[in-house]
Amino acid sequence: MINGQHISVIIPVLNEELSIASVIWDIPKPVDRILVVDNGSVDRTCERSLAAGAEVISETRKGYGSACMAGVEAAGDTDIIAFVDGDYSDYPEDLASVLEPVAEGLSDLVIGCRKFPAEVRYRQRTGKSKISGTIKGSVMAGYKILYWTLRLILSPRKANRSSSHS
């Protein structure tokens, strides 16, 4: 919790048993909930996630976006949501610096990027990544998450409007 705001971290995964425990252990203390969203792993990703202290949600609809949205739905009433990859290509210990501008009301959205503006630390991947780690990959992932979030938020309103006209 930062400034009284509850924080949930969503980690979409598919066969990340080699790295998931390290990712979970390196998430900073201000985080209230860690939700690992399994997208059909056939290895020990779920068991290792639970043993490391995360909640595990199963998402049967295939795809990174589906896993992200299942995590958003499972997070429920939380103030701030952050997404971290389960392959340890991100630096979870740096998450606090990404969360602080949102918690302090300085930003509504913060998107981290591994390679911009110049050469930065880049962890060797131990799992299978869904995003290439490029600027384009980061932008496309952000677009997909925002699209589905807005679609989820606006869908009930659209359904309510059409039923009220009947």
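The values are calculated or read from the model by the stated rules, or taken from the named source; none is laboratory data. Because the structure is a prediction, the values reported are computed rather than measured. Neighbour counts are summed over all protein chains in view; Cβ atoms, including those assigned to glycine, are modelled from backbone coordinates with ideal geometry.
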Only one of (1) at pLDDT 50 or above; (2) surrounded by fewer than 16 Cβ atoms within 10 Å (Cβ to Cβ); (3) over 18 Å from Ile20 (Cβ atoms) fails for Ser163. Which number is that?
-> (1)
Result of the Cβ filter at 9 Å on the stretch 88-103, keeping first residues that are on the phi > 0 side of the Ramachandran plot and partners that are among the polar types (S, T, N, Q), at least 6 apart or interchain, is Tyr88/Ser19; Tyr88/Ser22; Tyr88/Gln124; Tyr88/Thr126
What pairs can you find where one residue is in the stretch 13-35 and part of a strand (DSSP E or B), the other is among the charged types (D, E, K, R), and their Cβ atoms are less than 8 Å apart, with a gap of 6+ or different chains?
-> Val13/Asp38; Arg33/Glu55; Ile34/Glu55; Leu35/Glu55
Residues satisfying the stated conditions in the stretch 1-27, i.e. out of contact with any strand residue (DSSP E or B) (no Cβ under 8 Å at 6 or more places or on another chain), modelled with pLDDT of 90 or more and either surrounded by fewer than 23 Cβ atoms within 10 Å (Cβ to Cβ) or hydroxyl-bearing (Ser, Thr, Tyr) (or both) | Asn15, Glu17, Leu18, Ser19, Ala21, Ser22, Trp25, Asp26
So which of Val36, Val31, Val120, Val110 is surrounded by 14 or more Cβ atoms within 10 Å (Cβ to Cβ), at negative phi and at pLDDT below 85?
-> Val110
Conditions (1) at pLDDT 90 or above; (2) more than 22 Å from Pro30 (Cβ to Cβ); (3) among the acidic types (Asp, Glu); number of the one not met by Asp87 = (1)
Scan the stretch 44-54 and give yes if some residue there is under 30 Å from Leu154 (Cβ atoms) and surrounded by fewer than 16 Cβ atoms within 10 Å (Cβ to Cβ), otherwise no.
-> no
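Residue-wise test of (1) under 17 Å from Gly112 (Cβ atoms); (2) basic (Lys, Arg).
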site: Pro30; (1), (2): yes, no
site: Val37; (1), (2): no, no
site: Ser41; (1), (2): no, no
site: Arg44; (1), (2): no, yes
site: Gly53; (1), (2): no, no
site: Ile57; (1), (2): no, no
site: Gly63; (1), (2): no, no
site: Glu73; (1), (2): no, no
site: Val84; (1), (2): yes, no
Given the conditions (1) in contact (Cβ under 8 Å) with a residue 60 or more places away in the chain; (2) farther than 23 Å from Tyr147 by Cα, report the number of the one that Thr78 does not fulfil.
-> (2)
Taking Ser66, is it under 13 Å from the mean Cα position of the chain (by Cα), among the hydroxyl-bearing types (Ser, Thr, Tyr) and assigned to a helix (DSSP H, G or I)?
-> yes
Taking the stated definitions as given, is Asp77 out of contact with any helix residue (DSSP H, G or I) (no Cβ under 9 Å at 6 or more places or on another chain), closer than 20 Å to His6 by Cβ and in a loop (DSSP other than H, G, I, E, B)?
-> yes
